[in-house]
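Some notes on the structure that comes next.
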Amino acid sequence: MEKPKPFSVWFYIFCCFCVCFSHGLDTLSPGVILLSNETLVSANGMFELGFFSFSESSNMYLGIWFKNDRNKKPVWVGNRENPMVDSSAVFKIRYDGNLLLTDRSGVQTVVNEGGVSKTNETSAKILDSGNLILMEGENTIWQSFDYPTDTFLPGMKLGLFNIGREDFRIQFLISWLSPSLPGIGSYSLGLDGDNLTRFNVWRVDHAYQEIGFWDGHKFRFYFESSSNNHNFSYVSSSTDTYITFSNKENNSVTWFVMAYDGIISEFRMVDQEISIVNHSLCEANLVRNSSGCLVVMPSWCENGDSFSNMRGMMPSSMVLSRPAHMSLGNCEIMCRSNCSCVAYASLDDDGSGCELYYGTKNDLFNSIQEGDGTIYVRGGGSKSSKLSKEFLNLRSQANCLPSSRESEECSLQVFQMCPFSAQNLAIVSCFCNLIDS
C-alpha cells in the first residue's frame, strides 16, 4: 500500500481542524469570525448559537436555540431591532474586545452594549444553560441572561437589579412583533413594580393581568401548569429583587415564552421531544385590571387600523425604507404597530420590500407621485384585502404614549436603561410603575 504523502496528511489535519473549529467549539476568540452558516455549540451540546432568518425576508438575526429543537426557535436574539441585511452577516470580537455584528452594508451593531469591554483580551462562550457570556480572563463582564428577549429559561432572572445605583437595570420579557419579526412586540412579562411579589403581563396600552405571585414560601401560577418540573425561587435584598427557577428533573427541561399574541407558552423537552402547552390570558381565574379578555386589543391610533388603497408612488420625503426582501404582509405589521405611520407600500415592482410613510395624510396626498404602484393609507376606505386578513391572525398593535410630563420623564429614564430604538420609545411608558418618578 502506498504511504500517504506528508503534505496530504497535514492538509487533511488542517481541514479537519478548520471544520471542527468553525462548527464544534463553544468559544469565540479574537481574530475568529463566525459566518452566517456557522455556529457555536455549548460543551454538552445543549444550545447552539448562530444566525437565523425567515423565508419572508433576507434579514439575518443572531440567536440562540436548543440544539435538539427541529424548528430552531430562538430563545434569545442579539439584534432583534437591528437585523443584518443578508447572509453576508458575521459575528466577531472587535479590536476593542466587544461583540460585533456587521454585514456587507457596513452597518455595525455592538451586542454587549450593557457591559462594554475595557480591554481587547476577551472571549465569548455559549454555556449549556443557554447563556452567552463575554469574559475578560476568568471574569464575566456581560451575559445574555441579563438582556432576555421573549423567553424565560432555567437560571434566568426577572426583576430589578442594582437598585439605587446608576447602573440600575430592569429585566423582563418582551414578546416578538410577529412569528417572523423578532422586534419588540406588544406584551411584556415581569415583576410588578407596585408589589414585587406579583408576576404580571402588561400590554402596551397599560392594561395588565396578574398571572402569578410569591406567597412567602412558594411561587404560584393562577393558571394550571402542565408540569411539576419547576423549582421557583424569590430573592429580595436592598439592591436586587428577582424571581428565577430551575428544573427538578435532570432528564427534562422546562421553559416559558411570552408569545407575540399575548399567550404564555410553556415548553418541555424530554430527551429530544419537545411539547408545548399554551396558557391564554383570557382564562376566567386570572386577575385583571380591565374587563374582558386582555388579548383583544382595540386600536389606539387616531385614524384607526383600516387602510384604503390608492394608486401612485410614495414621495421620497418622510419615507423609511425597510430591507428589500421584507414581505408586504410584514410591512403592514410594521406600519400598524406605529400610529405615526400614515401609509406603506412595496419597495419593488415584484411586491417585495417595504416603504413606510411618516408625516400627515395631507402632505402625503399633496406630494404623491404618479405611478402604477399601490399605496395603503391609514384611515377610511376598505381594508387592504388579503393583507388585512393575514394581519388579523397576528393581532393589532398599538402605541402607548405618555399621558403626563411626569410619565414622559419616567419613560425617558427607562429608555436610557433599556436597549430600545427611538421609534419604540412609546412602549417604555408601560413600565413606568417600575420606577419612582
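The values are calculated or read from the model by the stated rules, or taken from the named source; none is laboratory data. Please read these numbers as outputs of a predicted model, since none were measured by experiment. For neighbour counting, all protein chains shown are included, and Cβ atoms are generated from backbone atoms with ideal geometry for every residue, glycine included. Ligands, DNA and RNA are stripped out before the accessible areas are found, and what is left, the full protein with its side chains, is counted by its heavy atoms. Shrake-Rupley method; radii C 1.70, N 1.55, O 1.52, S 1.80 Å.
Just a few scattered comments:
- Taking amide H as placed 1.01 Å from N in the peptide plane, Tyr187 has its amide H under 5 Å from the amide H of Ser175, each at least 5 places away in sequence or on another chain.
- Highest average first, the peptides 59-66, 201-208 ordered by how many other beta carbon atoms sit within 10 Å of their residues are 59-66, 201-208.
- On a per residue basis, segment 157-270 carries 38 Å² of accessible surface, using protein heavy atoms and a 1.4 Å probe.
- Net charge, Asn79 excluded, C-beta distance under 12 Å - Lys, Arg +1, Asp, Glu -1: -2
- Cα→Cβ-extended label distance, 7 Å offset, between Ser105 and Arg220, nm: 5.0 nm
- Per residue, the accessible area of segment 29-79 comes to 41 Å² when a 1.4 Å probe rolls over the protein heavy atoms.
- With the convex hull constructed from alpha-carbon coordinates only, segment 125-243 shows a mean projected area of 9.5 nm² over all directions.
- Taking other residues whose beta carbon is less than 10 angstrom from the beta carbon of Thr109, and scoring Lys, Arg as +1 and Asp, Glu as -1, yields -3.
- In this structure, Asp128 and Glu81 have a Cβ-Cβ separation that, at R0 = 35 Å, corresponds to a calculated FRET efficiency of about 0.80.
- Hz values of 3J(HN,Hα) by residue in segment 166-176 - Karplus curve (6.51, -1.76, 1.60), Gly and Pro given as x: 5, 8, 3, 9, 10, 10, 8, 8, 10, 5, 6
- Apportionment of accessible area to carbon and sulfur, segment 98-242, percent (1.4 Å): 43 percent
- Per-residue extension of 0.36 nm, minus the Cα-Cα distance of Ser237 and Glu302, leaves a gain of 19.0 nm for this segment.
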